[in-house]
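Notes for the one structure printed next.
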Amino acid sequence: MTDWVLLGLIAAVVALLLLTVFGFVVYSGLFTEVVVSAGSPPVGTMTLAYKFRVGPYGESGQLFTDGCSISSKLCSIGVYYDNPHTVSPEKCRFAIGRILSEGDAKPSDEQIKRFQKYGFKIFTFPAPSHVVMATFPFTTPLSIHLAVNRVHPALDTYIKERKLCAHPRIEIYKQDRIYFVCPLARQGDFYVPEMKELERKSRAAAAEAEDAQTDITGVDNMSEASSISMEATTDSRDTSVATSILLPFPASRGREEADNRSEHSYSESGASGSSFEELDLEVTGDGEGAPGLLPDVGYAGNQEVADKWTKEPIAAERGEE
(Lines give C-alpha, C1' and ligand atoms only; values in the text may rest on other atoms or scores of the structure.)
Protein backbone atom coordinates (compact mmCIF):
# COMPACT_ATOMS: atom_id res chain seq x y z
CA MET A 1 0.00 0.00 0.00
CA THR A 2 2.91 2.30 0.79
CA ASP A 3 4.30 1.72 -2.72
CA TRP A 4 1.04 2.80 -4.30
CA VAL A 5 0.95 5.94 -2.22
CA LEU A 6 4.52 6.76 -3.23
CA LEU A 7 3.75 6.19 -6.90
CA GLY A 8 0.66 8.37 -6.57
CA LEU A 9 2.69 11.20 -5.05
CA ILE A 10 5.29 10.93 -7.80
CA ALA A 11 2.58 11.00 -10.47
CA ALA A 12 0.97 14.04 -8.86
CA VAL A 13 4.29 15.89 -8.71
CA VAL A 14 5.03 15.07 -12.36
CA ALA A 15 1.55 16.19 -13.42
CA LEU A 16 1.90 19.39 -11.43
CA LEU A 17 5.30 20.04 -13.00
CA LEU A 18 3.93 19.47 -16.49
CA LEU A 19 1.02 21.79 -15.81
CA THR A 20 3.41 24.43 -14.52
CA VAL A 21 5.58 24.19 -17.63
CA PHE A 22 2.53 24.28 -19.86
CA GLY A 23 1.17 27.31 -18.05
CA PHE A 24 4.54 29.05 -18.34
CA VAL A 25 4.64 28.47 -22.10
CA VAL A 26 1.07 29.67 -22.53
CA TYR A 27 1.81 32.76 -20.44
CA SER A 28 4.83 33.40 -22.68
CA GLY A 29 2.51 33.68 -25.70
CA LEU A 30 2.24 30.18 -27.14
CA PHE A 31 -1.38 30.61 -28.23
CA THR A 32 -1.29 34.34 -28.88
CA GLU A 33 -2.77 35.21 -32.26
CA VAL A 34 -0.31 37.01 -34.51
CA VAL A 35 -2.04 39.86 -36.32
CA VAL A 36 -0.10 41.67 -39.04
CA SER A 37 -1.33 45.04 -40.30
CA ALA A 38 -0.18 48.11 -42.20
CA GLY A 39 -0.69 51.64 -41.05
CA SER A 40 0.65 54.30 -38.73
CA PRO A 41 3.67 53.19 -36.69
CA PRO A 42 3.57 52.54 -32.94
CA VAL A 43 6.76 54.57 -32.47
CA GLY A 44 8.06 58.00 -33.38
CA THR A 45 11.53 59.47 -33.68
CA MET A 46 14.08 57.40 -31.75
CA THR A 47 17.64 58.14 -30.66
CA LEU A 48 19.49 54.94 -29.93
CA ALA A 49 22.84 53.71 -28.71
CA TYR A 50 23.83 50.71 -30.84
CA LYS A 51 26.52 48.28 -31.88
CA PHE A 52 26.70 47.06 -35.47
CA ARG A 53 27.72 43.52 -36.39
CA VAL A 54 28.11 41.29 -39.44
CA GLY A 55 27.52 37.64 -38.61
CA PRO A 56 24.90 35.15 -37.40
CA TYR A 57 21.84 36.70 -35.83
CA GLY A 58 22.33 34.34 -32.91
CA GLU A 59 25.17 36.59 -31.76
CA SER A 60 22.73 39.41 -31.10
CA GLY A 61 21.94 38.06 -27.64
CA GLN A 62 25.27 39.19 -26.21
CA LEU A 63 24.75 42.69 -27.62
CA PHE A 64 21.35 42.90 -25.96
CA THR A 65 23.00 41.87 -22.71
CA ASP A 66 25.70 44.52 -23.13
CA GLY A 67 23.07 47.23 -23.50
CA CYS A 68 21.00 46.04 -20.56
CA SER A 69 24.06 45.93 -18.31
CA ILE A 70 24.65 49.65 -18.92
CA SER A 71 21.04 50.71 -18.33
CA SER A 72 18.28 48.27 -17.41
CA LYS A 73 15.51 50.88 -17.55
CA LEU A 74 15.76 51.67 -21.26
CA CYS A 75 13.97 49.77 -24.05
CA SER A 76 15.96 47.44 -26.28
CA ILE A 77 15.94 47.62 -30.09
CA GLY A 78 17.22 45.31 -32.81
CA VAL A 79 17.48 46.18 -36.51
CA TYR A 80 18.00 43.29 -38.94
CA TYR A 81 18.96 44.10 -42.52
CA ASP A 82 19.27 40.69 -44.20
CA ASN A 83 16.97 37.73 -44.73
CA PRO A 84 18.62 34.81 -42.90
CA HIS A 85 16.80 32.35 -45.18
CA THR A 86 18.63 33.58 -48.29
CA VAL A 87 21.78 35.23 -46.91
CA SER A 88 24.50 33.09 -45.32
CA PRO A 89 24.75 33.60 -41.52
CA GLU A 90 28.26 35.05 -41.65
CA LYS A 91 27.07 37.81 -44.02
CA CYS A 92 23.96 38.91 -42.13
CA ARG A 93 24.06 42.51 -40.90
CA PHE A 94 22.35 43.87 -37.82
CA ALA A 95 22.43 46.61 -35.19
CA ILE A 96 21.48 46.07 -31.53
CA GLY A 97 21.13 48.63 -28.78
CA ARG A 98 18.99 50.65 -26.40
CA ILE A 99 16.55 53.50 -27.10
CA LEU A 100 17.84 56.61 -25.33
CA SER A 101 14.91 58.87 -26.15
CA GLU A 102 11.71 59.06 -28.20
CA GLY A 103 9.80 61.87 -29.86
CA ASP A 104 10.93 65.41 -29.03
CA ALA A 105 12.85 64.31 -25.94
CA LYS A 106 16.63 64.43 -26.08
CA PRO A 107 19.02 61.95 -24.46
CA SER A 108 21.15 63.32 -21.66
CA ASP A 109 24.85 63.88 -22.19
CA GLU A 110 25.50 61.52 -19.30
CA GLN A 111 23.63 58.71 -21.04
CA ILE A 112 25.45 59.27 -24.31
CA LYS A 113 28.88 59.30 -22.66
CA ARG A 114 28.09 56.18 -20.65
CA PHE A 115 27.18 54.16 -23.74
CA GLN A 116 30.02 55.55 -25.83
CA LYS A 117 32.43 54.51 -23.10
CA TYR A 118 31.49 50.88 -23.78
CA GLY A 119 31.76 51.07 -27.56
CA PHE A 120 28.20 52.03 -28.48
CA LYS A 121 27.49 54.61 -31.17
CA ILE A 122 24.63 57.11 -31.26
CA PHE A 123 22.16 57.45 -34.13
CA THR A 124 18.64 58.80 -34.64
CA PHE A 125 15.84 57.11 -36.58
CA PRO A 126 13.08 59.42 -37.84
CA ALA A 127 9.43 58.61 -37.23
CA PRO A 128 8.37 56.19 -39.98
CA SER A 129 5.38 57.30 -42.02
CA HIS A 130 3.71 53.94 -42.65
CA VAL A 131 4.80 50.46 -41.68
CA VAL A 132 3.93 46.80 -41.71
CA MET A 133 3.76 45.79 -38.06
CA ALA A 134 2.84 43.15 -35.51
CA THR A 135 3.09 42.77 -31.74
CA PHE A 136 3.73 39.88 -29.38
CA PRO A 137 3.64 39.52 -25.59
CA PHE A 138 6.96 40.03 -23.79
CA THR A 139 6.25 38.35 -20.47
CA THR A 140 9.16 35.91 -20.12
CA PRO A 141 12.51 35.25 -21.86
CA LEU A 142 10.74 32.43 -23.74
CA SER A 143 8.52 35.06 -25.36
CA ILE A 144 11.45 36.17 -27.51
CA HIS A 145 11.94 32.70 -29.01
CA LEU A 146 8.22 32.24 -29.58
CA ALA A 147 7.96 35.67 -31.20
CA VAL A 148 10.87 35.05 -33.58
CA ASN A 149 9.42 31.72 -34.72
CA ARG A 150 5.85 32.96 -35.09
CA VAL A 151 5.89 36.64 -36.02
CA HIS A 152 8.55 36.69 -38.74
CA PRO A 153 6.83 34.00 -40.86
CA ALA A 154 3.56 35.93 -40.53
CA LEU A 155 5.31 39.12 -41.67
CA ASP A 156 6.89 37.25 -44.59
CA THR A 157 3.49 35.98 -45.74
CA TYR A 158 1.79 39.37 -45.42
CA ILE A 159 4.53 41.21 -47.31
CA LYS A 160 4.84 38.59 -50.05
CA GLU A 161 1.10 38.32 -50.69
CA ARG A 162 0.84 42.09 -51.14
CA LYS A 163 4.10 42.38 -53.09
CA LEU A 164 5.45 45.10 -50.78
CA CYS A 165 8.90 46.43 -50.13
CA ALA A 166 9.00 46.59 -46.33
CA HIS A 167 12.33 46.68 -44.53
CA PRO A 168 14.44 46.54 -42.45
CA ARG A 169 13.00 44.37 -39.67
CA ILE A 170 12.97 46.40 -36.47
CA GLU A 171 12.22 44.79 -33.11
CA ILE A 172 11.41 47.04 -30.16
CA TYR A 173 11.14 45.57 -26.66
CA LYS A 174 8.95 47.94 -24.68
CA GLN A 175 7.47 47.02 -21.31
CA ASP A 176 5.40 43.85 -21.81
CA ARG A 177 5.23 43.93 -25.64
CA ILE A 178 7.56 43.25 -28.55
CA TYR A 179 6.86 45.50 -31.54
CA PHE A 180 7.87 44.29 -35.00
CA VAL A 181 8.08 47.20 -37.42
CA CYS A 182 8.94 47.18 -41.15
CA PRO A 183 9.00 50.64 -42.79
CA LEU A 184 7.19 50.93 -46.13
CA ALA A 185 8.93 54.12 -47.26
CA ARG A 186 12.31 55.87 -46.92
CA GLN A 187 13.91 52.68 -45.68
CA GLY A 188 17.34 54.25 -46.02
CA ASP A 189 16.59 56.42 -42.99
CA PHE A 190 16.82 53.28 -40.87
CA TYR A 191 20.30 52.26 -41.97
CA VAL A 192 23.00 53.03 -39.46
CA PRO A 193 26.18 54.63 -40.88
CA GLU A 194 28.11 51.34 -40.97
CA MET A 195 25.37 49.74 -43.05
CA LYS A 196 25.31 52.67 -45.45
CA GLU A 197 29.07 52.40 -45.92
CA LEU A 198 28.82 48.69 -46.70
CA GLU A 199 26.15 49.43 -49.28
CA ARG A 200 28.28 52.14 -50.91
CA LYS A 201 31.16 49.70 -51.26
CA SER A 202 28.85 47.03 -52.61
CA ARG A 203 27.41 49.35 -55.27
CA ALA A 204 30.86 50.61 -56.21
CA ALA A 205 32.11 47.04 -56.68
CA ALA A 206 29.04 46.20 -58.76
CA ALA A 207 29.57 49.30 -60.93
CA GLU A 208 33.24 48.41 -61.50
CA ALA A 209 32.31 44.88 -62.46
CA GLU A 210 29.73 46.15 -64.93
CA ASP A 211 32.20 48.66 -66.38
CA ALA A 212 34.69 45.85 -66.91
CA GLN A 213 32.02 43.74 -68.60
CA THR A 214 31.01 46.69 -70.76
CA ASP A 215 34.63 47.23 -71.80
CA ILE A 216 34.97 43.59 -72.84
CA THR A 217 31.76 43.47 -74.83
CA GLY A 218 32.42 46.93 -76.20
CA VAL A 219 35.51 45.71 -78.09
CA ASP A 220 33.45 43.18 -80.01
CA ASN A 221 30.72 45.71 -80.71
CA MET A 222 33.24 48.23 -81.98
CA SER A 223 34.81 45.79 -84.41
CA GLU A 224 31.41 44.75 -85.74
CA ALA A 225 30.21 48.33 -85.90
CA SER A 226 33.32 49.41 -87.79
CA SER A 227 32.70 46.93 -90.58
CA ILE A 228 29.05 47.93 -90.73
CA SER A 229 29.80 51.65 -90.88
CA MET A 230 32.42 51.20 -93.62
CA GLU A 231 29.96 49.26 -95.78
CA ALA A 232 27.20 51.77 -95.15
CA THR A 233 28.75 54.99 -96.43
CA THR A 234 26.42 55.16 -99.46
CA ASP A 235 23.21 54.52 -97.55
CA SER A 236 22.04 56.98 -94.92
CA ARG A 237 19.61 54.49 -93.46
CA ASP A 238 22.36 51.90 -92.97
CA THR A 239 24.55 54.58 -91.41
CA SER A 240 21.75 55.28 -88.98
CA VAL A 241 21.72 51.59 -88.03
CA ALA A 242 25.47 51.59 -87.45
CA THR A 243 25.20 54.69 -85.31
CA SER A 244 22.51 53.13 -83.16
CA ILE A 245 24.74 50.11 -82.53
CA LEU A 246 27.42 52.40 -81.11
CA LEU A 247 25.08 54.16 -78.68
CA PRO A 248 25.86 53.30 -75.04
CA PHE A 249 22.30 53.53 -73.70
CA PRO A 250 21.80 49.81 -72.94
CA ALA A 251 24.86 49.69 -70.69
CA SER A 252 24.00 52.85 -68.79
CA ARG A 253 20.43 51.70 -68.33
CA GLY A 254 21.62 48.43 -66.88
CA ARG A 255 23.70 50.29 -64.32
CA GLU A 256 20.75 52.45 -63.27
CA GLU A 257 18.61 49.34 -62.83
CA ALA A 258 21.32 47.70 -60.75
CA ASP A 259 21.48 50.72 -58.45
CA ASN A 260 17.72 50.75 -58.06
CA ARG A 261 17.67 47.07 -57.18
CA SER A 262 20.34 47.66 -54.60
CA GLU A 263 18.21 50.25 -52.89
CA HIS A 264 15.59 47.67 -52.00
CA SER A 265 17.66 44.58 -51.32
CA TYR A 266 16.20 43.69 -47.93
CA SER A 267 12.68 42.72 -48.85
CA GLU A 268 10.77 39.51 -48.46
CA SER A 269 8.51 40.36 -51.37
CA GLY A 270 9.22 38.33 -54.44
CA ALA A 271 7.37 40.28 -57.09
CA SER A 272 6.31 43.75 -58.05
CA GLY A 273 3.21 45.70 -58.93
CA SER A 274 1.08 46.21 -55.87
CA SER A 275 -0.87 49.22 -54.70
CA PHE A 276 -1.32 50.66 -51.24
CA GLU A 277 -5.01 50.58 -51.98
CA GLU A 278 -4.80 46.87 -51.06
CA LEU A 279 -3.71 47.74 -47.52
CA ASP A 280 -5.94 48.67 -44.65
CA LEU A 281 -3.89 51.70 -43.65
CA GLU A 282 -4.87 53.70 -40.61
CA VAL A 283 -5.87 57.29 -41.17
CA THR A 284 -3.52 59.83 -39.66
CA GLY A 285 -4.57 62.68 -37.45
CA ASP A 286 -4.92 65.09 -40.36
CA GLY A 287 -7.32 62.72 -42.09
CA GLU A 288 -5.13 62.25 -45.14
CA GLY A 289 -4.05 58.68 -44.37
CA ALA A 290 -2.19 56.63 -46.92
CA PRO A 291 -2.34 58.73 -50.12
CA GLY A 292 0.59 60.86 -49.06
CA LEU A 293 2.74 57.77 -48.90
CA LEU A 294 2.45 56.73 -52.50
CA PRO A 295 5.29 58.81 -53.98
CA ASP A 296 7.82 57.33 -51.53
CA VAL A 297 6.82 53.68 -51.81
CA GLY A 298 9.24 51.12 -53.19
CA TYR A 299 8.48 47.69 -54.58
CA ALA A 300 10.63 44.59 -55.03
CA GLY A 301 10.86 42.63 -58.25
CA ASN A 302 14.01 40.51 -58.36
CA GLN A 303 16.00 37.89 -56.46
CA GLU A 304 18.50 40.43 -55.14
CA VAL A 305 15.67 42.21 -53.38
CA ALA A 306 14.42 38.95 -51.92
CA ASP A 307 17.88 38.20 -50.51
CA LYS A 308 17.89 41.18 -48.21
CA TRP A 309 15.03 41.93 -45.94
CA THR A 310 14.20 45.24 -46.82
CA LYS A 311 16.32 45.08 -45.63
CA GLU A 312 18.89 48.59 -48.67
CA PRO A 313 20.73 51.50 -49.59
CA ILE A 314 19.60 54.39 -48.08
CA ALA A 315 22.25 56.75 -48.99
CA ALA A 316 21.00 57.08 -52.52
CA GLU A 317 17.48 57.86 -51.37
CA ARG A 318 18.73 60.45 -48.95
CA GLY A 319 21.10 62.12 -51.40
CA GLU A 320 24.03 61.37 -49.08
CA GLU A 321 26.17 59.97 -51.83
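The values are calculated or read from the model by the stated rules, or taken from the named source; none is laboratory data. Keep in mind that this is a model prediction, so the values were computed, not measured. Side chains are part of the model used for accessible areas, which takes the heavy atoms of the whole protein and leaves out ligands, DNA and RNA. Shrake-Rupley method; radii C 1.70, N 1.55, O 1.52, S 1.80 Å.
Values for this structure:
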item: Protein accessible area in region 34-197, 1.4 Å probe - carbon and sulfur %; result: 52 percent
item: Whether region 34-197 is rounded, prolate or oblate, judged on the alpha carbon gyration tensor where a/c under 1.5 counts as rounded; result: rounded
item: Entries of Lys91/Lys113; Lys117/Lys174; Lys106/Lys174 with Cα pairs more than 21 Å apart; result: Lys91/Lys113; Lys117/Lys174
item: Other-chain or far-sequence residues with amide H under 5 Å of Ser37's (modelled H); result: Met133
